[in-house]
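Below: one structure, written as structure tokens.
The values are calculated or read from the model by the stated rules, or taken from the named source; none is laboratory data. If you're wondering where the values come from, they're calculated on a predicted model, not measured in any experiment. Cβ atoms come from the backbone with ideal geometry, glycine included; neighbour counts cover every protein chain shown. The accessibility values were calculated without ligands, DNA or RNA, using every heavy atom of the protein model including side chains. Shrake-Rupley method; radii C 1.70, N 1.55, O 1.52, S 1.80 Å.
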Amino acid sequence: MPMRLQDLAELLLLSLLWGAAYLFVRAAVPAFGPAPLVALRLGMAAVLLLPWMLLRGGWPTMRAHPRQLLMLGIPFTAVPFMGLAWASLHITAGLVAVLNATAPLFAGLIAHYVLKERLGVWRAWGLVIGFAGVGVLMWGSVSFKSGNGLLAVLAVLCTSLIWALGANYTRKRLAGADAMVITVGSLLAASLFLSPFAWADWPGQNPGARAWAEAAFLGVASSALGFLIYFRLLRRIGPARAMSVTFLN
């Protein structure tokens, strides 16, 4: 099924929001630490969208899917975001983005072999060529910022796999749910789960104004608006194509 112009426009906007997020995370995570930054980012987005969801009458839908939203929020949202934030302390934002571009490849393979949703020859080649193209562009520019560089690479690859699993899980278990409910439910679950870790690891020196501005961008633009767009695309164009946003990032 060909992609509509509206879907393509939303995919491009999402790539702008999430592509910029790699740079903002890399800049803000030294000031906050991984757990405080991720909890703040996701919690800010949840608080911003919750009243809108309630006004739209989304509470009954949220109550009807507690286990699915907890599953989506904790292992498929909180854990991978923590992995990316931690990795950003040890490798460059560009390398994080490139490694994260394996997500649509994982998503396509899971959809094809596990969920039995055939990719087709053209979509399969598209995934392979897109991934190879990003690798070629970054060839020779890999650099680590600490001795944990290899562990950080592994963390990002694991994050990509988890996101691919989460995308297929959402498509299968929450196919009929409103994107707003999925967004708010997963963000609430993730931020509440991370709150104790954020409290325990809160920096002794309060982050500066620039770091707070970066966290605000991550919460409002990349998370609140970005997740709304992502879950809409996931429902309309499927996991493999929705996650191709990581190529554009």
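Values for this structure:
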item	result
Computed E for Trp202/Ile129 - FRET, C-beta separation, R0 35 angstrom, nearest 0.05	0.20
Net charge dipole size for the chain [Lys, Arg +1 and Asp, Glu -1 on Cβ; Debye, nearest 20]	620 debye
Burial ranking of peptide ranges 163-172, 236-245 (average Cβ count within 10 Å, highest at the top)	236-245, 163-172
Sulfur and carbon atoms: percent of accessible area, the chain [1.4 Å]	71 percent
For the range 10-152: Kirkwood Rh in Å [reciprocal of mean 1/r, alpha carbons]	17.7 Å
Helical contribution to [θ] at 222 nm, DSSP H n ≥ 4, -39,500 (n - 2.57), averaged over the chain, rounded to 500	-24000 deg cm²/dmol
Ranking by accessible area, most exposed first, for His65, His90 with a 1.4 Å probe	His65, His90
Helix runs (DSSP H) in the chain reaching 30 Å along axis by Cα, Kyte-Doolittle at least 0.5	5-32, 34-55, 149-173, 179-200
Summed side-chain charge close to Ala124 - residues other than Ala124 whose Cβ falls under 15 Å, Lys, Arg +1, Asp, Glu -1	+3
Solvent-accessible area per residue for the chain (1.4 angstrom probe, square angstrom)	48 Å²
Quotient of C-alpha Rg and 2.2 N^0.38 Å, computed over the chain	0.97
Net charge contributed by nearby residues that have their C-beta within less than 9 Å of Arg232 (K/R +1, D/E -1)	0
Residues with amide H under 5 Å from that of Ile91, placed H, sequence gap 5 or more	Lys145
